[in-house]
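The values are calculated or read from the model by the stated rules, or taken from the named source; none is laboratory data. Remember, it's a predicted structure, so these values are computed and weren't measured experimentally. Neighbour counts are summed over all protein chains in view; Cβ atoms, including those assigned to glycine, are modelled from backbone coordinates with ideal geometry.
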Amino acid sequence: MEIILYGIMFIIGTLIGSFCTLAVYRIPIGKDITHERSFCPNCNHRLEFWDLIPIVSYLALGGKCRYCKEKIRIRYLLFELGSGITFLLLALSTNIHLEELLTNTEETINGIVLIGFGILYFTTLILIAGIDKERTEIAKPVLLFGFIILGLYILYLCTFKNILVYKYAIYLIFILIIILLDIWLMKKKGKENYTISILLLWIYMLSFTNTDIMLFTIIATLIFVAIHSIAHKLEEKEKENVKVPIGFYMVISNIFFTILANFLANIVK
């Protein structure tokens with residue numbers, strides 16, 4: 001029975017990954033991500049349903065467009081596969097069982113709601129990571145979506161879990177201060193401030209996880225950034241300015257340590 005549940009979570013992950021590949025391309029250029037049909041970026045041919053089945057379509061077509069035969073970037077396959085594995089590990093780390101989900105108890109309902117928030121949280125992070133990896137920028141529309149989800153999460157915790165609101169009130173105050181600072185810097189310099197965006201992402205992660213996970217996230221991110229910078233300088237010594245996708249490395253680290261913390265809390269007791 002658990003195999004069915006974990007299979008469903010993997011499929012959900014691949015579907016989210018497939019959607020994220022579209023969103024990563026469209027959000028930065030202001031294109032619609034919900035109503036406009038998917039198309040091949042090379043020949044602009046509209047893609048049909050059988051062209052969009054995560055992983056399966058890519059493998060069946062041999063990594064090429066069905067219509068123009070242009071090679072499709074392997075990152076689409078890796079994105080879908082990585083997202084599927086991520087959500088599978090999320091399900092495994094929570095130690096959920098299908099029989100429990102089918103019982104109509106308050107604890108089961110709370111578990112389902114928390115898994116739902118986990119899926120939305122990871123989806124937001126995957127979108128942020130994808131865009132940052134491609135463009136070295138934190139997409140503000142995605143962060144806004146994340147903060148809306150965070151607001152609903154805080155409301156749920158305070159209403160149904162009797163969690164004290166003080167900690168989250170402090171987080172929200174910090175978010176407001178940083179947003180106001182971002183607006184002021186935007187008016188003064190006329191461009192997005194990457195550091196401010198990273199701070200917003202950091203607080204967003206902290207609000208959904210905890211200080212221990214964020215401490216390990218920061219340490220791992222610093223290690224990744226150092227390795228990235230050294231590797232880049234060794235390959236292209238003539239370039240002084242190295243654009244490091246810090247948000248991408250933060251997301252990868254945070255997802256890893258969040259899943260690991262779940263494993264330790266729910267399975268290794």
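Descriptive notes on the structure:
- Total residues in segment 203-222 satisfying the condition of being assigned to a helix (DSSP H, G or I) and in contact with a helix residue (DSSP H, G or I) (Cβ under 7 Å, 6 or more places away or on another chain): the figure is 12.
- Residue in segment 223-239 that is over 23 Å from Glu134 (Cβ atoms) and either among the β-branched types (Val, Ile, Thr) or not in a helix (DSSP H, G or I) (or both) present: yes
- You will find that of Ile218, Ile203, the residue that is of a type in the set (Val, Ile, Thr), under 18 Å from the mean Cα position of the chain (by Cα) and either at pLDDT below 75 or closer than 25 Å to Leu92 by Cα (or both) is Ile218 and no other.
- When the criteria are applied in full, Gly62 meets the requirement of being outside any helix (DSSP H, G or I), small (Gly, Ala, Ser) and more than 23 Å from Ala129 (Cβ to Cβ).
- Residues that are of a type in the set (Val, Ile, Thr), at pLDDT 85 or above, within 30 Å of Thr209 (Cβ to Cβ) and within 22 Å of the chain's Cα centre (by Cα) are absent from segment 67-74.
- Residue match in segment 32-50 (condition: basic (Lys, Arg) and at pLDDT below 85): yes
- Scoring Gly13 on the criteria (1) surrounded by fewer than 15 Cβ atoms within 10 Å (Cβ to Cβ); (2) in contact with a Gly (Cβ under 7 Å, 6 or more places away or on another chain); (3) not hydroxyl-bearing (Ser, Thr, Tyr) leaves a single failure, condition (1).
Residues checked against (1) part of a helix (DSSP H, G or I); (2) within 26 Å of Ile112 (Cβ to Cβ); (3) not aromatic (Phe, Trp, Tyr):
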residue	(1), (2), (3)
Phe147	yes, yes, no
Asn162	no, yes, yes
Ile178	yes, no, yes
Thr195	yes, no, yes
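- Some residue of segment 149-166 being of a type in the set (Ser, Thr, Tyr), under 14 Å from the mean Cα position of the chain (by Cα) and buried (at least 17 other Cβ atoms within 10 Å of the Cβ): no
- In a residue-by-residue description of segment 34-53, the property of being closer than 29 Å to Tyr121 by Cα, under 19 Å from the mean Cα position of the chain (by Cα) and surrounded by 12 or more Cβ atoms within 10 Å (Cβ to Cβ) applies to no position.
- Among the numbered conditions (1) touching a Phe, Trp or Tyr at 6+ places or on another chain (Cβ under 9 Å); (2) under 30 Å from Asp32 (Cβ atoms); (3) at pLDDT below 90; (4) not acidic (Asp, Glu), the only one that Met186 does not meet is (1).
One line per residue, one yes/no per condition, for (1) in a helix (DSSP H, G or I); (2) free of Cβ contacts under 8 Å to residues at least 60 places away in the same chain; (3) farther than 30 Å from Asn110 by Cβ; (4) of a type outside the set (Lys, Arg):
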residue	(1), (2), (3), (4)
Ile4	yes, no, no, yes
Thr14	yes, no, no, yes
Phe19	yes, yes, no, yes
His35	no, yes, yes, yes
Trp50	yes, yes, yes, yes
Leu89	yes, no, no, yes
Ile96	no, no, no, yes
